[in-house]
Structures are given as structure tokens and as C-alpha cells.
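The values are calculated or read from the model by the stated rules, or taken from the named source; none is laboratory data. Source: prediction; values computed, not measured. Virtual Cβ from ideal backbone geometry, glycine too; neighbours counted across all protein chains shown.
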2 protein chains.
Amino acid sequence: MGSNSWRLVVYGHEPGSWWALTDEIREATRVGEHMGEERTLKPEPMDRALHTAAVFASFCRAAGVDRVDAVATSAIRAAVNRDELLDAIRERTGLRVRVISGREEGWYGYLALANSTTLRDGFGIETGGGSVQLMRLEDRRLAASESLQLGSVTMSETFLPGEKAPAKAMRALRGHVAREMGELGWWEGGGRLTGIGGTIRNLATAAAKRLEFPDVDVQGFELTRTALGELIELLASKPASKRGAVPGIKPDRADVILGGALVLDACMDAGGFDVLEVSEAGLREGVFFESRLGDPPLVADVRRASVENLAHRYGSGGRHELHVAHLSLQLYDGLAEAGLHEPDGSDRELLEAACMLHDIGMTIDYDDHHRHSHYLILHAGLPGFTPRELVLIGLVARYHRKGDPDASELGDLALPGDAERLRLLCGVIRLAEQLERSRDQSVASVGVRPANGAVRLDPDASGDPTVAIWAARRNAGLLAEAIGRPVEVVG
Amino acid sequence: MGSNSWRLVVYGHEPGSWWALTDEIREATRVGEHMGEERTLKPEPMDRALHTAAVFASFCRAAGVDRVDAVATSAIRAAVNRDELLDAIRERTGLRVRVISGREEGWYGYLALANSTTLRDGFGIETGGGSVQLMRLEDRRLAASESLQLGSVTMSETFLPGEKAPAKAMRALRGHVAREMGELGWWEGGGRLTGIGGTIRNLATAAAKRLEFPDVDVQGFELTRTALGELIELLASKPASKRGAVPGIKPDRADVILGGALVLDACMDAGGFDVLEVSEAGLREGVFFESRLGDPPLVADVRRASVENLAHRYGSGGRHELHVAHLSLQLYDGLAEAGLHEPDGSDRELLEAACMLHDIGMTIDYDDHHRHSHYLILHAGLPGFTPRELVLIGLVARYHRKGDPDASELGDLALPGDAERLRLLCGVIRLAEQLERSRDQSVASVGVRPANGAVRLDPDASGDPTVAIWAARRNAGLLAEAIGRPVEVVG
């Protein structure tokens, strides 16, 4: 129950296997509208809030949700008459709302960041409607946090109340933020900065839409200050009511997005940060993680957990997938030892992830399941991986059976050598998949050795390898092309 | 085990709920190659066939398939030395191959057609590598069938053995087919013609690729003789080895596709047919249907069965979907009674199908599930519906929650009035979905009545309608636009 929007988020959870968001409704309640200096919730916003609470409570009852956490943040926390609203909500809906402190808000934001990014040491920021949470992480622990009343609704109402955004008003807003930040003492020195919250998601989406960017979410997107500056300029050039037409910006944020962008930019400036890594997780995931993970509520390895969560959710990631990963890594390492490619730890990790996920598309259909796996990976996303890495994993899964690997989907995320990289990884997974075509681990392992200008692959069979050898021989072409020499399958 | 290609097809089946193809391997075995007049299987094709049988048998063992039907058709049926191959297969793999008669081949083809199209009275054709099956249906029963040795491999070897396709040779092929057909006596008079088999699928795919055609399979595609004639001209203009480069044609059919196309064209000519309705089902589905359906092995209503099969496969089509269908049809009929649109039985059926399928995308993810439903519907297909109908069902599901309906995906399948049609159907399902937003059937039914230039919708609640009314009021805009007047939700 934020100052700007309220969300009801329903999670499904199969303990030890997977979790996923299963339903969601959102209302731009604006409960903090016109609170002003006297910090009172006004009658109209309270009416809207009460009605929204009734809808949410009714939804939870109808959907049979088995545990409800109702959490309110900044605007309600700050309001002198908050009990009036909370009592009315309890009376009408039975919902007992927990008003969390700025410190707790920082804690949930930290849990969201620490479980959806690879950040160990660095900073986090959450820009909300009422307040901004700032965090510092040391060795994945929350070392410092602070909540400041610099939210986008508050700042916009104070400094940018009209349709236009005069340069002077924007400077005043920045100055105000800079002064508040200056008092912190620990928000400085640059380094890695991560961010969450609707304002940041919207700004990152808008920045991505100005690039040739693949059709994936902004999880892991790197928002540079340069790109943020360009967006601010674009937004400021339009009247407030038209800012929602900028691609990526939600129309119901039109009037507060510029204020939020200026706050973020001033915060980055104050800390000496050039770039912000975006996470789509938020307070709601933090609350979920706290209730479902151990103590401390941290997954051990975010990237691995993302891959396993996605695989398990689609009934995949079992013996077949683990075995394809095993054979793929044997091939990858064996070819590197034979001097046939330059091994790369990051590529190796992407290959392993793609192996774990290559068959999730079977949940849709056998026909074209490689395409479905690609679709599911790109859609679902993999927190902890960058968009570039996500797209590469998707492409390796996409081409694990057939087709000519095509890296063009990377768009502006492409790097030199990607065509070769993709061909090698796809050539490897394709052979591993065929050596495990009968899905019974009949080829226990595979040896790699150079032989007269060719490469000889020697399957070590623990069962009947008829299908494996037949299938591998028919699918060695891509790997041969990738390493520039014939591939022979001994059998 | 056909004359041209062998396929291993694995079906999953949840009796009374759904069935689906779950795995498939295919080999262009060409067992009938160079059989010639003396009708003997030659050593090389026999070796290939034996090896393929070993691979298939090994695959079945590894995959734990619980029932195997090994069925051989024309080339093996006709071969004087077939027992030599069948004994070798049994000895090496344990597979007992059932060689079916031309009559049985027609029967399985009939089952495939009768369970994947809406044909009641008309004709069917299957073009294989060795033979062509012709069928006549009366009231969905198989009234006549005949198997003729006019398969694409045989005809190509006899009349078009070289790289080129001389006009004279093509005329001779046509003449031969026409003479054989002329003796039948019952292949005449035009009417509805349906077709199955790899040759027909490839030709239909090639014809579709020459149109602005949506990204769906050719199930239900109407292949006209004009389009077929253009394809024949295109194929004949290329050397045999290059015909596989024509988009839609499988490369391993390159040398026999022209022969197959000429046979088909001559058969259509002989029967006076202008158009062929394509089905993707085949002999393999016929065998499956016989073993899994009752007696006669016919589903009662192909279109309904297709919708239910797809819904059940993704755990959908339950109380919520049935209720959205119920409310949608109440709205559709109520608006028609109020004179606000011209009702159309076909549109009404598409609306109902879309309601049953609108949430299947939830199997992928809650986020964007309307898009996933669209993706799944278009990919999986709905036998019994035309490609145009399939795309419309997919679009109604796509826009059941949000977005501005866009009919452009129909491409060359579009008809005048489609934009209005789509807006109305999407407006209706969107309101019905919101009236059932809490998924608990709390709005039992909905009344429609005109009121002062507006339309008033009156939900009859059997439970708590808070969510329904809140949600419906926020989503009535599209329907209002479709009928050109305001929509009020009474609450």
C-alpha cells in the first residue's frame, strides 16, 4: 500500500522447487495525494484507498489465498490521521494492515535486491511515491540504510506542481535532494549501484525503448546517467499530462515521473554513480522472501537459483537436463584442452544454464519445443543475469536441436565475436543433446581427442547407445563448422 | 514405415481429457527406392530400413513407451521379398511390424480426416510415397476407398527420373494418373475434398508461404488448383536437386515433390475439384484414434473436441472458463436482442471457443498470460477450424484483458468488417472476464437492457460482487466503443 500505487500480488510456491507470481491487481490509489505539510490523508484519497482495500480483500477471499501480508509504507506511515484509515479498513474488510518503518522498508528492499542481483558489496536505491530508501551492502549484508522523504509524489507536488517544468524549479528540486543526501555521510565513492521500484522500472523501460533492445524485461538493465539525462530532457520538454505518452512510462505516472527521475539523478550524482543496475523485484518480493526463505533470508547463489526456479516451474531440470549439462561441459572443456577454442568462464556458465533450460518448452508442446524454450526463457527472465546473458541463454536453448544460430536478436547488446560464440555453444549443446537423445543417460560420458585434422568424440556407453550414435552423427555439422574441422563420432 | 519416410510418433494420452504428440523422430528411409517393376526391396534401402528400425526400437525402450504399433504401408506391402526385411527387423529389434492393406491404409486415412476436419459428405485423398489413397465419405462414414500405385516416389522414378522435367514427361505422368482414376467410377462430381500426407502438407506450406499468411500451420488451409498450378510451374522450372530450396518444401523431398504435385493435380482434375482442404493429421493419428476412441472411432464434434483437448491439456477449460463463456454468450445475445449488433452464428462459436481457451497462457506465467494464450492457440492449432478462424480465436483470447484489438495478423485471410467484428468480440469477452474476475462465479448471470442511449448491464450476484463490479466498470470502454454507446454496470 504505497503512496502512489497499491498492488495485490499473489505468489505460488512449491517449497524447495519453485515460486512464481500467479496473479496481480494494481490500482493507482494515490493515497498520499495532497497530504501537504500537515501530513493528513485527505477524504477523497482515503475513500479511494478504502474501496481499493475492499476490492483486494474480496479478491483474496475469492481466490482462496492462504496467507495475506498487508503492508503499508511511506504516506500512511507519515500521516497523522492514519489510524482513521486503518480502522476503517479493518472494520470493512477484516484486513489488518502492517505499517512498516522506513528501516523495515529498507530491509525489504535490501532482500529484494540481494535475492535478484549478484551484488555483494555496493549500494541500493528504491524510489517510491512517498520516500526514497537508500542501502549499502557489505558482503551481501545490509550495512546501512536510510529512508528520506524524497518520493516522486511528494517532490513533484512541492517543486513541479504545474504542467510545465521550469529549469529553475528543477534546479531547486535537485538542490533539495543534494542537501538531504549530503547529510548521510555514507552515500559516496561510486561503485556498484542497484535500484528497484516503479519509477526506476519505468525509466529503465523508457531508456531501453530508445535502443535496439531485445524484447525482454529490464531486469539487470544498466541505466546510465547519460541515458537518464536524455530522458529527463525529453520529459521536461513535454507538459506533465503528456509525459505518459513517452514509450515505457505508465500513463498514471505521467505527472510524477519527471520528479522521480530528477530525484534519482540527483541521488546518483551525490554518490558518484555513473550507472544503475535495475531489478524488477520490489518490496513485495522482500516480504515474500522473508516469509519463505531461512535466516538470513538469502538464496545462496542468485544465478543458480534463478535457473533452477525456472526449470522446476516447468517440470524440467531433472536427470536429462543435468546429463546434457554434464556432456556439454565435457565437450566444451575437452575441445578447449585440445586447443580448439579459447575457454571462457562466463560462456561456460551460460552454456550450463541453457542446458538446464533447453527443454522447458516441452511444457507447451513437443513440436517446436526449442522455440518455446526460447520464448519462455526470454519472457520469464533470469534475475542475476544481464539482459545480454539472458538473450544468449535463450538463443543457445533455441538452437539446441536445429536451425542456423542467429545472434541478431541481441541488437544493441551484441559484442564482437558473438556469432562465433553462439555457433560454438550451440554446436556443443546440440551434440550433447543428441548423445542423450534417448533421455536415459545411456552415454555416460564423452571423450574428445584430435585425430588427423579431425576431432574424434568417443562416447562411453553404460547402456544401449544406438540412438545416441545415430543421432549424434546426424547433428555434428554445426560443431564441425564452429571449430573448423570434421567431427567424428566413434561407435 | 512408408515408402518415402519413416516416422516414430509418441502420443501422450490422458483418457477423457486430452491427447497430444509428445515426441517424434523421422528418417527419410526411402525403403521403396529403385524397387522397379520386379518389386523387390534393394539391399541398400533394406540396410537403411533395418538401421532405422533399430534406432526406433531402441528409442521406444529408452522412452518407456507402453504400447508400440509398428505399421508398414505401400512399398513394403508390394515387395515380393518383404518377409526378408520384416524377419530381420524382428530378429534384430523385437519389433513385429504390421503390414496393412491398401484398404486399411484408406481406413486410417479416413479416421484421420473424419477426426480432424468437419467433412461429413465428400472426398479424401492421401498422397504417399508408394501409393495414393482415395476415399469417399457419406454422413461421416467411409463409403468407398481405393489404393492406387500412384505414389510420388514411384511416379517420379517412372516419369521424371532426371534433373529436368520435360513437358512431355509431365503430360505422360498426368495421362497415366487420369487413366487410372477414370476406372474408379466414383471419383467425380466435385464437392468438398480434403487431403492428408507429407506431399500435401509440403505443397500447402509452400503455397501459404507465397501469401501474406499468419504464422500458423496449414491445418484447414485451402489449396486451390490455381495455387497448385503455380507451384508446379515453379518446381518444374528448377532442376530436381534444387526443388528443396522452394520455401515450404522439405529438402529430402526435393526429387519427388514435383511428381507428387502432378499426381495430386491430376487427381483433382479427374474429380472436378477446385480446392483441397488440408489436414495435418495422417495415418499415425488414424492408428492412434482407432486404439483410443470407441466404436466407431469418431469424436462427436471435431471443433468442440479440439477446443476441449487444448484447454484440458493446459489445465484449463474448467468452471471459470465455462462461466466466462456463459456470461459472454449472455452479453452477445443480449446486445443482439437490443439491436446493437447483427448476430452471427460463426462469430458466436468463435467467441465461445476463445472463452474456453482465454486463460491457457496461465500455464506459462500470470504476467502477460493473454499473450501466452494467443501464442499457444496459434501454435497448437485447432483441427476443424480454418486458419482464419484459428487466428480470430487467438486474437479474441489475446485481447481479453487489455490492448487495442488489432486484426492485421490475419494478413491475406482478412475480410471486410474484421476490425469491427474483433472489437465487438473482444469487448464482450473482456467484460465477461471482469464480471468473473474473482474466479468464483459470484456473478451468476448478467442482464442487458438499453437505457437512455446507454446500455445497462445488470449483474445477478450469487456471492460477493465487489471485485466484479469494480473490475467491470474499469473495463467497459472497449465494448462501449464497439456498440457506439456508453456501457453502465449496475452495482
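Checking B:Val65 against (1) part of a loop (DSSP other than H, G, I, E, B); (2) under 30 Å from B:Leu262 (Cα atoms), which single condition isn't satisfied? Looking at each condition in turn, B:Val65 falls short on (2).
So that you can scan it fast, the table gives a plain yes or no per residue for (1) modelled with pLDDT of 95 or more; (2) in the same structural domain as B:Thr386 (by TED's automatic domain parsing); (3) not in a helix (DSSP H, G or I); (4) not aliphatic (A, V, I, L, M):
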position: B:Asp83; (1), (2), (3), (4): yes, no, no, yes
position: B:Asp87; (1), (2), (3), (4): yes, no, no, yes
position: B:Glu91; (1), (2), (3), (4): yes, no, no, yes
position: B:Ala112; (1), (2), (3), (4): yes, no, no, no
position: B:Arg120; (1), (2), (3), (4): yes, no, yes, yes
position: B:Ile125; (1), (2), (3), (4): yes, no, yes, no
position: B:Gly130; (1), (2), (3), (4): no, no, yes, yes
position: B:Glu146; (1), (2), (3), (4): no, no, yes, yes
position: B:Thr154; (1), (2), (3), (4): no, no, no, yes
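Taking into account only those residues within region B:77-121 that are acidic (Asp, Glu) and surrounded by fewer than 17 Cβ atoms within 10 Å (Cβ to Cβ), which is nearest to B:Gly191 (Cα to Cα)? Once the filter is applied, the top-ranked residue is B:Asp121. Taking the criterion of being among the aromatic types (Phe, Trp, Tyr) and within 14 Å of another protein chain (Cβ to nearest Cβ), would at least one residue in region A:325-336 satisfy it? Among the residues of region A:325-336, not one is among the aromatic types (Phe, Trp, Tyr) and within 14 Å of another protein chain (Cβ to nearest Cβ), which makes the answer no. Just to be sure, is A:Pro296 of a type outside the set (Ser, Thr, Tyr) and more than 22 Å from the chain's Cα centre (by Cα)? Judged against the criteria, A:Pro296 is not a match.
Among the residues making up region B:86-109, those that are closer than 24 Å to B:Gln133 by Cα, touching a residue at least 40 places away in the same chain (Cβ under 8 Å) and among the hydrophobic types (A, V, I, L, M, F, W, C) are B:Val97, B:Trp107.
Taking the residues in region B:299-321 that are surrounded by 15 or more Cβ atoms within 10 Å (Cβ to Cβ) and within 23 Å of B:Pro459 (Cβ to Cβ) as candidates, determine which candidate is farthest from the chain's Cα centre (by Cα). Steps first, please.
To start, the set of residues in region B:299-321 that are surrounded by 15 or more Cβ atoms within 10 Å (Cβ to Cβ) comprises B:299, B:302-314, B:316-317, B:320-321.
Subset that is within 23 Å of B:Pro459 (Cβ to Cβ): B:320-321.
Details: B:His320: 27, B:Glu321: 24 Å.
Filtering first and then ranking leaves B:His320.
Residue count for region B:361-411 under the criterion of being under 17 Å from A:Asp365 (Cα atoms), among the hydroxyl-bearing types (Ser, Thr, Tyr) and free of Cβ contacts under 8 Å to residues at least 12 places away in the same chain: the result is 0. All conditions in (1) within 30 Å of B:Gly317 (Cβ to Cβ); (2) more than 9 Å from chain A (Cβ to nearest Cβ) hold for B:Ala63, with the sole exception of (2).
Report yes if A:Glu409 is more than 14 Å from every other protein chain (Cβ to nearest Cβ) and more than 20 Å from A:Thr118 (Cα to Cα), otherwise no. When the stated conditions are applied, A:Glu409 passes them. The set of residues from region B:1-42 being surrounded by fewer than 18 Cβ atoms within 10 Å (Cβ to Cβ) and more than 14 Å from chain A (Cβ to nearest Cβ) comprises B:Glu14, B:Pro15, B:Gly16, B:Ser17, B:His34, B:Gly36, B:Glu37, B:Glu38, B:Arg39, B:Thr40, B:Lys42. Being modelled with pLDDT under 95, under 25 Å from A:Thr22 (Cα atoms), more than 30 Å from the chain's Cα centre (by Cα) and of a type in the set (A, V, I, L, M) holds for only one residue in A:Ala54, A:Ala63, and it is A:Ala54.
Which residues, counting only those in region A:16-56, are among the small types (Gly, Ala, Ser) and within 30 Å of A:Gly381 (Cβ to Cβ)?
Narrowing region A:16-56 to residues among the small types (Gly, Ala, Ser): A:16-17, A:20, A:28, A:32, A:36, A:49, A:53-54.
Within region A:16-56, A:Gly16, A:Ser17, A:Ala20, A:Ala28 qualify.
Being of a type in the set (S, T, N, Q), in contact (Cβ under 8 Å) with a residue 12 or more places away in the chain and closer than 20 Å to A:Gln149 by Cβ: is that true of A:Thr73 here? Show your work before the answer.
On the way: of a type in the set (S, T, N, Q): yes; in contact (Cβ under 8 Å) with a residue 12 or more places away in the chain: yes; closer than 20 Å to A:Gln149 by Cβ: yes.
Yes, satisfied.
Checked against (1) among the β-branched types (Val, Ile, Thr); (2) surrounded by 20 or more Cβ atoms within 10 Å (Cβ to Cβ); (3) modelled with pLDDT of 95 or more, B:Val256 passes all but condition (3). For region A:440-468, the set of residues classified as buried (at least 20 other Cβ atoms within 10 Å of the Cβ), among the aliphatic types (A, V, I, L, M) and either assigned to a helix (DSSP H, G or I) or within 14 Å of chain B (Cβ to nearest Cβ) (or both) consists of A:Val443, A:Val467, A:Ala468, listed by residue number. Taken together, the residues in region A:43-60 that are touching a helix residue (DSSP H, G or I) at 6+ places or on another chain (Cβ under 6 Å) and within 8 Å of another protein chain (Cβ to nearest Cβ) amount to 4.
Taking region B:123-145 as the range and being closer than 29 Å to B:Val302 by Cα, surrounded by 20 or more Cβ atoms within 10 Å (Cβ to Cβ) and out of contact with any Phe, Trp or Tyr (no Cβ under 8 Å at 6 or more places or on another chain) as the test, the residues that pass are B:Ile125, B:Glu126, B:Thr127, B:Gly128, B:Gly129, B:Ser131, B:Val132, B:Gln133.
Within 13 Å of another protein chain (Cβ to nearest Cβ), surrounded by fewer than 20 Cβ atoms within 10 Å (Cβ to Cβ) and out of contact with any Asp or Glu (no Cβ under 8 Å at 6 or more places or on another chain), is that true of B:Arg437?
On the way: within 13 Å of another protein chain (Cβ to nearest Cβ): yes; surrounded by fewer than 20 Cβ atoms within 10 Å (Cβ to Cβ): no; out of contact with any Asp or Glu (no Cβ under 8 Å at 6 or more places or on another chain): yes.
Here the answer is no, as B:Arg437 does not meet what is asked.
Just name the residue that is farthest from the other protein chains (Cβ to nearest Cβ) out of those in region B:66-82 that are of a type in the set (A, V, I, L, M) and more than 26 Å from A:Arg437 (Cβ to Cβ). Top of the filtered list is B:Val80.
Report, by residue number, each residue of region B:374-400 that is within 24 Å of A:Gly12 (Cα to Cα) and either at pLDDT below 95 or away from every other protein chain (no Cβ under 14 Å) (or both).
Matches in region B:374-400: B:Tyr375, B:Leu376, B:Ala397, B:Arg398, B:His400.
Among the residues of region A:462-490, those identified as under 18 Å from B:Cys60 (Cα atoms) and not aromatic (Phe, Trp, Tyr) are A:Ser462, A:Gly463, A:Asp464, A:Pro465, A:Thr466, A:Val467, A:Ala468, A:Ile469, A:Ala471, A:Ala472. Evaluated against (1) away from every other protein chain (no Cβ under 14 Å); (2) touching a residue at least 24 places away in the same chain (Cβ under 8 Å); (3) assigned to a loop (DSSP other than H, G, I, E, B), B:Leu425 falls short on exactly one condition, (3).
Just to be sure, is A:Leu173 surrounded by 24 or more Cβ atoms within 10 Å (Cβ to Cβ) and either over 24 Å from A:Ser241 (Cα atoms) or aliphatic (A, V, I, L, M) (or both)? Spelling it out, it is not the case that A:Leu173 is surrounded by 24 or more Cβ atoms within 10 Å (Cβ to Cβ) and either over 24 Å from A:Ser241 (Cα atoms) or aliphatic (A, V, I, L, M) (or both).
For region B:270-286, residues that are in a helix (DSSP H, G or I) and surrounded by 22 or more Cβ atoms within 10 Å (Cβ to Cβ) total 3. Cβ separations smaller than 7 Å between residues 6+ apart or across chains give the following pairs from region B:207-236 residues that are at positive phi to residues that are of a type in the set (Asp, Glu): B:Gly220/B:Glu277. Could we say that A:Gly94 is more than 27 Å from B:His372 (Cα to Cα), over 30 Å from the mean Cα position of the chain (by Cα), within 14 Å of another protein chain (Cβ to nearest Cβ) and not acidic (Asp, Glu) here? Answer is yes for this residue.
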